[in-house]
Amino acid sequence: MDRQKHRILMVSDFFFPKFGGVESHIYYLSQCLLKLGHKVVVMTHAYGNRSGVRYVTNDLKVYYVPWRPFLMQNTLPTLFLTFPVVRTIIIRERISVVHGHQAFSTLCHEALMHARTMGYKVVFTDHSLYGFADAGSIHMNKVLQFTLADIDQAICVSHTSKENTVLRSGISPEKVFMVPNAVDTAMFTPSPERLSCDEIVIVVISRLVYRKGAGLLVEVIPEVCRLFPKDRVEMLGAVPHAQVRSVLISGHIFLNSSLTEAFCIAVLEAASCGLLTVSTVDEDITTLYMHELASSTSYKSSPIWTASSVRIQPIALHRNSDISLIRRPNERTYITEKFDDMMKTINTLVTRIEHVEQRLSPIEEDEDGDVDADVLPDDMIVLAEPAPEDMVRAVKKAIDMLPGINPQVMHLQMKKLYSWDDVAKRTEIVYDRAVQSLTTNLLDRLPQLGVTEALYDSVDESL
């Protein structure tokens, strides 16, 4: 029986020509969905002179809406001014499913809200991890709670991201699926000749911003240079995406210092090129996807991880760990450590998730009879706490492991483990679930939004 074909609108502030994990995810997923026979259209904001309707590979249609970003590539929140454009695109392209990407994309939140108001099915993908205690995370979580209050289905790119999204938004875990990222292994191949280990080259490809761990690099690099006096640092600046492989294959070790990455595509690209990876891992809420299953052989993957496969990781908010003052217009001082009501809400959500049956979807094997994996094996990655001394220790350990690393074997493993075609097939299942979900009218949606507003009020009163 042929699977139902969908007409999908991908919406995000982040898309090509800007390069990044979200942009690559949307592009490759759209290309694979097109190959499966679905109609895919992308909506994003204008980039420089790139405005209007453009076509990219395989006739993927992209609407570059003539709005300019005002902060971190995000458009200015307008709430209702985007409605005419969203409505026009949905009707013109006869869209059946609207798929928004990234929690801090303004365009994504507004498009999902308008699509739900018009009665269309909506799916949301969260790509990053956020905290609970700082002011920015609190407000971001409020927006997410409102957007996901009556969403049809949600996707997270790792199990930790799934737990994080459920706790932040209050969405039912039965609606959230884990579909990992992937890598185009045909583009990221190892060097034909194996590099000599006489001089070890450590590669870092990242934006120099806080959430990517730029502060950690500032402390780690000098310490590594002190331990290995012959070391030197070469700054390449902005590297075009077409040259990323040439930079990767010039090194032995890839260093990832990200603090909020849910599923780092750059790590997969480096592993596909045969580099041993050193990556950060945070025991609180930013535990990277690789740490969850790499230490356990009892977990096996399936075409799609169901919502009942959530694994709970306790979260503690320490009263004396973060004291910051926020000045309000009425001159009253609020201390962010007073989170009693917020902690009760989180504990209620955790209890609710813990009662979900801990089971996995039926396991399906590939043509060779092997079961896919969701993580990098232990011999491909060395994990470290997001602390300079522990990252230096991990780098030293990785250097000792290099003689046993075979880039060609690692590439073949990555080719078998990760595929965008597989990601598209899993996402296809989520679209089917969304289309089959019950259609709710405005009167049915209002109580759900009211629950969200009650959560907002409880947090505001506790501040």
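A few points about this structure:
- Matching residues in region 1-18 - criterion: being of a type outside the set (Ser, Thr, Tyr) and under 19 Å from Val53 (Cα atoms): Arg7, Ile8, Leu9, Met10, Val11, Asp13, Phe14, Phe15, Phe16, Pro17, Lys18
- Checking each residue in region 45-77 for being in contact with a helix residue (DSSP H, G or I) (Cβ under 7 Å, 6 or more places away or on another chain) and either farther than 17 Å from Leu107 by Cβ or open to solvent by less than 60 Å² (accessible area, probe 1.4 Å) (or both) picks out His45, Thr57, Asn58, Leu60, Tyr63, Val65, Asn74, Thr75.
- As for region 186-197, it holds no residue that is open to solvent by 20 Å² or more (accessible area, probe 1.4 Å) and either within 17 Å of Arg393 (Cα to Cα) or assigned to a helix (DSSP H, G or I) (or both).
- Test: residue in region 393-409 that is modelled with pLDDT of 90 or more, farther than 30 Å from Met113 by Cβ, open to solvent by 20 Å² or more (accessible area, probe 1.4 Å) and outside any helix (DSSP H, G or I): yes
- Output for region 109-158, where each listed residue is under 20 Å from Val42 (Cα atoms), small (Gly, Ala, Ser) and either under 15 Å from the mean Cα position of the chain (by Cα) or in a loop (DSSP other than H, G, I, E, B) (or both): Gly119, Ala154
- Checked across region 7-26, the condition of being among the hydroxyl-bearing types (Ser, Thr, Tyr) and touching a Cys at 6+ places or on another chain (Cβ under 6 Å) holds for at least one residue.
- Scanning region 104-112 finds no residues that are open to solvent by 80 Å² or more (accessible area, probe 1.4 Å) and out of contact with any Asp or Glu (no Cβ under 8 Å at 6 or more places or on another chain).
- Residue in region 123-143 that is of a type in the set (Phe, Trp, Tyr), open to solvent by 10 Å² or more (accessible area, probe 1.4 Å) and under 23 Å from Val430 (Cα atoms) present: no
- Residue match in region 2-20 (condition: in the same structural domain as Val122 (by the TED database), of a type in the set (Gly, Ala, Ser) and more than 19 Å from Ser128 (Cβ to Cβ)): no
- Selection of region 159-176 for residues being in contact with a strand residue (DSSP E or B) (Cβ under 9 Å, 6 or more places away or on another chain) and not in a helix (DSSP H, G or I) yields Ile171, Val176.
- Selection of first residues in region 51-74 that are farther than 14 Å from Phe15 by Cβ and of second residues that are assigned to a helix (DSSP H, G or I), restricted to Cβ pairs under 7 Å at least 6 apart or on distinct chains, gives the following pairs, ordered by first then second residue: Asn58/Gln31; Asn58/Leu34.
- Conditions (1) more than 25 Å from His114 (Cα to Cα); (2) open to solvent by less than 50 Å² (accessible area, probe 1.4 Å); (3) touching a His at 6+ places or on another chain (Cβ under 8 Å); number of the one not met by Ile8: (1)
- Qualifying residue in region 64-81 (condition: under 23 Å from the mean Cα position of the chain (by Cα), in the same structural domain as Phe19 (by the TED database), at pLDDT 95 or above and farther than 24 Å from Ile429 by Cβ): yes
The values are calculated or read from the model by the stated rules, or taken from the named source; none is laboratory data. Fair warning: this is a prediction, and the values are worked out from it, not measured in the lab. Every residue, glycine as well, gets a Cβ built from its backbone with ideal geometry; the counts of neighbours run over all protein chains shown. Remember, those area values only see protein heavy atoms, side chains included, never the ligands or the DNA or RNA. Shrake-Rupley method; radii C 1.70, N 1.55, O 1.52, S 1.80 Å.
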